[in-house]
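The values are calculated or read from the model by the stated rules, or taken from the named source; none is laboratory data. A quick note: this is a predicted structure, and the numbers were derived from the prediction, not measured. Cβ sites come from the backbone with ideal geometry, for glycine too, and all protein chains shown count toward neighbours.
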Amino acid sequence: MKLQLERSDGLNTFTAYGEGYVSVNGVRHHRNLAVLPDRLLPDWTQATFETLRVADFELLASLDAEIVLLGTGRQLRFPSPELLRPLLQAQKGLEVMDVPAACRTYNILMAEGRKVAVGLLLL
């Protein structure tokens, strides 16, 4: 699906998503990644949802973001509370959703000038 939001120059915006991929600024990505308005973290984790580790969330907690979105693949799944501890300790807001919803929500929050990061599980 193509997304048609106005793009702020120089900021990362999701421009499309589909089965097994997302496009950021027109470039397709087929592997897990984290996205912030000013940078991309390709291969944020090699994990699937079932193999996520605390270290994956420590990296998300270290990002310059007030709100962290987690896209858990094609369906919404909630990680165990133990995995989320780094985000709680860093006092980061977390929203868990499927990948399409995470892409749309990120675009809206980014366009509002919010400090947002999204980690996407595409594997």
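What the table shows:
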item: Every residue from segment 65-123 that is among the β-branched types (V, I, T) and out of contact with any helix residue (DSSP H, G or I) (no Cβ under 7 Å at 6 or more places or on another chain); result: V96, V99, T105, I108
item: Exclusive hit being surrounded by 12 or more Cβ atoms within 10 Å (Cβ to Cβ), of a type in the set (V, I, T) and over 12 Å from the mean Cα position of the chain (by Cα), set T15, T72; result: T15
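Here is a yes/no grid of residues against (1) at pLDDT 95 or above; (2) of a type in the set (K, R); (3) surrounded by 13 or more Cβ atoms within 10 Å (Cβ to Cβ):
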site: Q46; (1), (2), (3): yes, no, no
site: E58; (1), (2), (3): yes, no, yes
site: P79; (1), (2), (3): yes, no, yes
site: R85; (1), (2), (3): yes, yes, yes
